[in-house]
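Below is one structure, written out as structure tokens; the observations come after it.
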Amino acid sequence: MKCPACGQADLVHDVRDIPYIYKGESTLIPNVEADWCNTCGESLTGPAESKRVMLAMNLARQQVNARAGQLELI
């Protein structure tokens, strides 16, 4: 299947880490199983993996926001 984002390459099924940046702070979401485009970096995950990635992103946002709140109290 060609990449739906760029149309340049066939997708490759693999497990990779996804970098996630929120408010300038970065983290890695490990071991994401998806179909990946080696040209543009787009990934297509299944429903369960999408849910796991979204939960990890939400946790990262909460942690960043909590740290920012602690800094304001100091």
Put a dot 7 Å past each Cα toward the Cβ at CYS40 and LEU28; how far apart are the dots in nm?
2.6 nm
I'd like the orientation of helix 47-73 relative to the chain: the angle between its Cα long axis and the longest Cα principal axis, in ° from 0 to 90, rounded to 10.
20 degrees
Computed Kirkwood radius, in angstrom, where 1/r is averaged over Cα pairs of the chain
13.8 Å
The chain, relative contact order [Cα under 8 Å, separation at least 6], %:
25 percent
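For a Förster distance of 35 Å, can you work out the FRET efficiency between the beta-carbons of ARG67 and ARG16, rounded to the nearest 0.05?
Calculated transfer efficiency: 0.85.
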In deg cm²/dmol, rounded to 500, what helix-only [θ] at 222 nm does the chain give when every DSSP H run of at least 4 residues adds -39500 (n - 2.57) and the total is split over its residues?
-13000 deg cm²/dmol
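Each reported figure results from applying straightforward, stated rules to the coordinates on display, with no laboratory input. Note that this is a predicted model, so its numbers are computed, not measured. Virtual Cβ from ideal backbone geometry, glycine too; neighbours counted across all protein chains shown.
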